[in-house]
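The values are calculated or read from the model by the stated rules, or taken from the named source; none is laboratory data. Everything quoted here is computed from the prediction, not taken from an experiment. Counting neighbours? That spans all protein chains shown, and the Cβs are built from the backbone with ideal geometry, glycine included. To get the accessible areas, we keep the full protein, side chains included, count just its heavy atoms, and leave off ligands, DNA and RNA. Shrake-Rupley method; radii C 1.70, N 1.55, O 1.52, S 1.80 Å.
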Amino acid sequence: MKVKSTNYKISRCLLYVVLLLLTAAMLVPFVWMLSASLKLDKDVFIFPIRWIPENPRWQNYLDIWTKIPLLTFVTNTVKITLIVTFLQLLTSSFAAYAFAKLKFRYKDTLFMAYIATIAVPWQVYMVPQFMMMRNFGLNDSHLAIIFLQAFSAFGVFMMRQFYQGIPDELCEAARIDGMNEYQIYARIMLPLSKPALSTLTIFTFVNTWNDFLGPLIYLKTEAKKTLQLGLKMFISQYSSEYGLIMAASVLSLIPVLIVFLSLQKHFVEGVAATGVKG
């Protein structure tokens, strides 16, 4: 027993060491980016790397607001991200409730057909979508991006997995008490699905915030561009100003970190719940 206990402790220690090394390897690029954002251009690629600049240049974080219309790009990105996230939470949870708790003809067939779209790469139907939005007169408009990203097959699948873990007896009891399906969805299912909703919020927020190809296709006017397009324009115009590029990249990560850290607890619960239920 002592030998087994010792081997177990050694294996656990080795596992923790490996995890720490992997964590450090993943954090190195972010630490380098933060360090480079406080340097002059000539000091960014000095080797060996000076992780802590001798004279931090905080002016970089002020200059990026004047080099390009960064505030406009941030405002546009926040607007699109918040609207898309809200709509995906609404449509995914609503459709998932129907697929998980309601009975109607061809329910499983419709669900499998909808989920099968996850396997189709966006690049396959990217051009037809663009032509459709252009025919609708939504080209160079935020509405095009919002409409196309307001629905998520992955979100429906994940929410359905979570809803299937909620006893049907709750819905039956609510129906006996006189609630209709909309009231059951709003008063029972949504309050119980906070972990799944938090998980979907993180996925949707991060994907929408970091989306580059969608805005690149649909947005042409500078005043309508998003932050990711703004960074690309910044790099094109000031490709040698690596300190400014890194400073803008650091700022673009802050909202994502805030959302993830604020929902981290529910995120872990949601991933665990949707992975084992159903």
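Residues that are in contact (Cβ under 8 Å) with a residue 40 or more places away in the chain and either exposed (fewer than 10 other Cβ atoms within 10 Å of the Cβ) or of a type outside the set (Asp, Glu) (or both) within the stretch 36-65 comprise Ala36, Ser37, Leu38, Lys39, Leu40, Val44, Phe45, Arg57, Asn60, Tyr61, Ile64, listed in sequence order.
When the helices (runs of 4 or more DSSP H) confined to the stretch 195-278 are screened for residues that are modelled with pLDDT of 85 or more, those reaching at least 1 such residues are found at 213-218, 227-237, 242-262.
So which residues in the stretch 75-107 are under 30 Å from Ile258 (Cβ atoms), touching a residue at least 60 places away in the same chain (Cβ under 8 Å) and surrounded by fewer than 14 Cβ atoms within 10 Å (Cβ to Cβ), if there are any at all? Full working, then the answer.
First, pick out the residues of the stretch 75-107 that are under 30 Å from Ile258 (Cβ atoms): 75-97.
So of that shortlist, the ones also touching a residue at least 60 places away in the same chain (Cβ under 8 Å) come out as 76-81, 83-85, 87-89, 91-97.
Once the filter is applied, which keeps residues that are under 30 Å from Ile258 (Cβ atoms), touching a residue at least 60 places away in the same chain (Cβ under 8 Å) and surrounded by fewer than 14 Cβ atoms within 10 Å (Cβ to Cβ), the stretch 75-107 yields only Lys79.
Among the residues of the stretch 148-165, are any part of a helix (DSSP H, G or I), under 30 Å from Lys225 (Cβ atoms) and open to solvent by 70 Å² or more (accessible area, probe 1.4 Å)? Taking every residue of the stretch 148-165 in turn, at least one turns out to be part of a helix (DSSP H, G or I), under 30 Å from Lys225 (Cβ atoms) and open to solvent by 70 Å² or more (accessible area, probe 1.4 Å). Considering only residues in the stretch 175-191 that are over 12 Å from Ala100 (Cβ atoms) and aliphatic (A, V, I, L, M), the one that is least open to solvent (accessible area, probe 1.4 Å) turns out to be Ile188.
Return yes or no: is Leu110 under 24 Å from the mean Cα position of the chain (by Cα), surrounded by 13 or more Cβ atoms within 10 Å (Cβ to Cβ) and in a helix (DSSP H, G or I)? Walk me through how you get there before you give the answer.
On the way: under 24 Å from the mean Cα position of the chain (by Cα): no; surrounded by 13 or more Cβ atoms within 10 Å (Cβ to Cβ): yes; in a helix (DSSP H, G or I): yes.
So Leu110 does not fit the description; no.
The set of residues in the stretch 113-135 that are surrounded by fewer than 10 Cβ atoms within 10 Å (Cβ to Cβ) and within 24 Å of the chain's Cα centre (by Cα) comprises Ala119, Pro121, Gln123, Val124.
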